[in-house]
Amino acid sequence: MKGRPLPYSAEAEVGFLCSFLLCPRELGDYCIQRRITAATMHLPANAEILRVLLAMHAEKKPIDLITVTDTLRDKGELERVGGAAYVTEVCTATATAANAAAYADTILDKARARALIATCTTHAARAYNEQDDITGVLASAEKAILAIGAERFQAGSKTIHDLVMESIRRIEAAQEAGTGMKGLPTGLRDLDAYTGGMAPGEYIVIQAKRSDGKTALAMTIAAHLAIDLKTPVGIISLEMSGEALTTRLIASRARVNGEDLIRGKLTKGDDLMAQTDPFAAVARAASEIAASPIYIEDEGNQGVLEISAKLRRLHSQHGIRAAFLDYLTLMREDARGDDKRHDRISANSKGLKNLAKELNIPIVVLSQVNADGEVAGAKAILDDADQIWAIWPEGEDFAIRILKQRSGARGEDVPVHFDKPTTTFRNADQKPEKTPPARKTR
């Protein structure tokens, strides 16, 4: 609406300036860390006072009411900010340096809101005037909006002391647990032993040819986390509907043939569980899954921005500790000028890797291998991934080949059993023995 005032908080701006004057050295360093500048302030007087404070901090000059007032007077800015009376009012505001972070959060949020309004207004005008180049307008708008959001996550740099203490805490926790795990378990014993599980912030890629078990492996791991360990997980399915995925989960947990379950031809279980009533098993599995912290988003044609927004929401609202995306090359590849397809896939891959670090959870992404064994955007995926697991058929059996492990060895083939009827991966020693055929009698 025309004439509508831009968002800002005069109280937070004054509170932060007062905090700066109370603890100038600490708040000067804090401004550098959080990237708070004069442009962060909305009111011109507050912006000019902060500009002077930051300049004095950089020059290591003493900062108090008198020195700030004198500096503003020497610059010819004192009257423009409201005179000595306004500077005194700022210095004597009922603020405390202990609340400086809260004031900073408020003024930064307001500054981002103003930047977003300006960006949207500019690109709305461009959309009216440059309708023939809407692709370029979209790309420019996406870049500008991402830049606004990126500032939020780039500002929180940590000292080496903080990082050392975090590392020590993680090492101590691993030693106390005594599990040999660095993160969340997959539920596949040999895979966990070789990789140490899925660490927070890891970007993990599962590769396989069509119908070789990518989704089955991801759902096996997700079910183990959510059902067995009660760990919240998020699933973004760009290929299968949420209902289809849930039916797979039910068949897997009940250990019944998935196709028979769908077609109404359910008989006995498919892994020699001869004494199990399959209908009772399905009911138990459905009850377990319904009570589990699994959250599925199944809308197709999603780009990295939409997927990131959904996972951030799931992380904020439900505390998901792992996410699964089925699959990478089905993500919408937003046009960026003359970029080739591998460049667009690379952009999506990097966006997901950054998201894993931002949320500090493992994100497991599926990637399809074509008939020639090639993966679209392979080099970018290889560079980005912390771990790459390839599902490798070996005769009637399967193995998970560790193509990359940033924090460990690679090249190992981890034997597993893939039960195709129930679309379930299990430990290799859980493969059921075949019943020998009955001997014919004369």
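Output yes when any residue across region 418-439 is modelled with pLDDT under 75, surrounded by fewer than 20 Cβ atoms within 10 Å (Cβ to Cβ) and among the polar types (S, T, N, Q), and no when none is. Yes, region 418-439 contains at least one residue that is modelled with pLDDT under 75, surrounded by fewer than 20 Cβ atoms within 10 Å (Cβ to Cβ) and among the polar types (S, T, N, Q). Among the residues of region 251-261, not a single one is in contact with a Gly (Cβ under 9 Å, 6 or more places away or on another chain) and modelled with pLDDT of 90 or more. Highlighted here are the helices (runs of 4 or more DSSP H) found entirely within region 1-111 that include at least 3 residues which are over 22 Å from Ile148 (Cα atoms), touching a Leu at 6+ places or on another chain (Cβ under 8 Å) and modelled with pLDDT of 85 or more: 10-22, 44-58, 65-74, 83-91. Is it the case that some residue within region 284-304 is part of a helix (DSSP H, G or I), in contact with an Asp or Glu (Cβ under 8 Å, 6 or more places away or on another chain) and either at pLDDT below 80 or crowded, with 19+ Cβ neighbours inside 10 Å (or both)? Yes, that holds for at least one residue. Residue pairs whose Cβ atoms lie under 6 Å apart, separated by 6 or more positions or on different chains, with the first residue in region 246-258 and outside the structural domain of Pro293 (by TED's automatic domain parsing) and buried (at least 22 other Cβ atoms within 10 Å of the Cβ) and the second at pLDDT 85 or above and in a helix (DSSP H, G or I), do not occur. Is it true that Ile49 is touching a Pro at 6+ places or on another chain (Cβ under 6 Å), crowded, with 16+ Cβ neighbours inside 10 Å and farther than 20 Å from Pro7 by Cβ? Spelling it out, it is not the case that Ile49 is touching a Pro at 6+ places or on another chain (Cβ under 6 Å), crowded, with 16+ Cβ neighbours inside 10 Å and farther than 20 Å from Pro7 by Cβ.
The values are calculated or read from the model by the stated rules, or taken from the named source; none is laboratory data. This one's a predicted model, so the numbers in the text were calculated from it and none came from an experiment. No Cβ is skipped: glycine too gets one built from the backbone with ideal geometry, and neighbour counts run over all protein chains shown.
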